1. As I understand it, the dipole of region 107-173 uses +1 on the Cβ of Lys and Arg and -1 on the Cβ of Asp and Glu, about the Cα centre. Which of G146, V119, S132 lies farthest toward its positive end?
2. Using only the heavy atoms of the protein chains and a 1.4 Å probe, how would T82, T67 rank by accessible area, largest first?
3. Greater than 18 Å separation of Cα atoms is the criterion. Which listed pairs, K23/K126; K7/K127; K38/K106; K7/K120; K7/K126, meet it?
4. In square nanometres, what is one fourth of the surface area of the convex hull spanned by the alpha carbons of the chain?
5. Rank these by accessible area, largest first, 1.4 Å probe: Y54, Y42, Y80.
6. Among E129, E44, what's the order by accessible area (1.4 angstrom probe), most exposed first?
7. Which value in nm describes the separation of the simple spin-label points at M62 and K23, placed 7 Å from the Cα toward the beta carbon?
8. For region 36-165, give the percent of accessible area contributed by carbon and sulfur heavy atoms, probe 1.4 Å, rounded to a whole number.
Amino acid sequence: NRGLVEKREELQGAQASLAALQKNVSSANANIARIERKKRVYAERLRSRLKAIYKMRRGESMDLLFTANSSGELGRRHKYLTMIMDRDSDIINGFEKSIEELGVEKKRLSVLLAEAEGVKRSVEAKKREAESLHRERFALLGEVKGEKDRRLRVVKELEQAAVELSDLLAKLR
């Protein structure tokens with residue numbers, strides 16, 4: 001009984017661990033979906049910027065700078081081109097960062113899934129052990145009941161023999 005109780009407690013602990021792992025797997029899947037959405041947004045922005053850059057003829061940005069009528073206009077054009085390049089750099093960095101985050105999260109998910117699979121195997125093994133102990137217990141109980149029934153029959157036979165022996169002794173006297 002103690003062994004069976006211990007196995008059942010171990011099984012409950014393993015099942016709780018499995019539930020926690022499944023919660024972490026769900027969280028990792030949600031993070032992956034969120035990062036994928038973010039990556040798609042960055043990819044779309046990057047695609048549109050690359051189209052725009054491609055459509056610009058070679059050196060057109062330099063022409064834009066050098067065709068300024070005044071130094072003030074040159075400064076503004078330089079400032080705006082710098083802002084555009086900074087924004088393009090931010091888009092590229094965001095895209096790269098989302099790819100890295102996605103890789104990290106997928107690795108985490110892989111580790112969690114492997115761990116969950118191990119815990120599932122452990123849960124199944126503990127279930128089999130508990131069932132085995134349960135069957136052993138019932139087999140042992142069956143043996144004990146059989147032994148009890150056999151001993152009760154022997155006691156009844158001995159009591160019957162004692163009565164017959166008493167009757168025989170009484171007749172002989």
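1. So the residue furthest toward the plus end is V119.
2. T67, T82
3. Check vs 18 Å cut-off fails for K23/K126.
4. Its Cα hull, projected and averaged over all orientations, spans 15.4 nm².
5. Descending order: Y54, Y80, Y42.
6. Ranked from most to least accessible, the order is E44, E129.
7. Here the answer is 6.1 nm between the modelled labels.
8. 58 percent
The values are calculated or read from the model by the stated rules, or taken from the named source; none is laboratory data. Note that the structure is predicted; figures quoted are calculated from it, not measured. Backbone-built Cβ (ideal geometry, glycine too); neighbour counts: all protein chains shown. Each accessible area value is taken on the protein alone, full model and side chains, heavy atoms only, with ligands, DNA and RNA left out. Shrake-Rupley method; radii C 1.70, N 1.55, O 1.52, S 1.80 Å.
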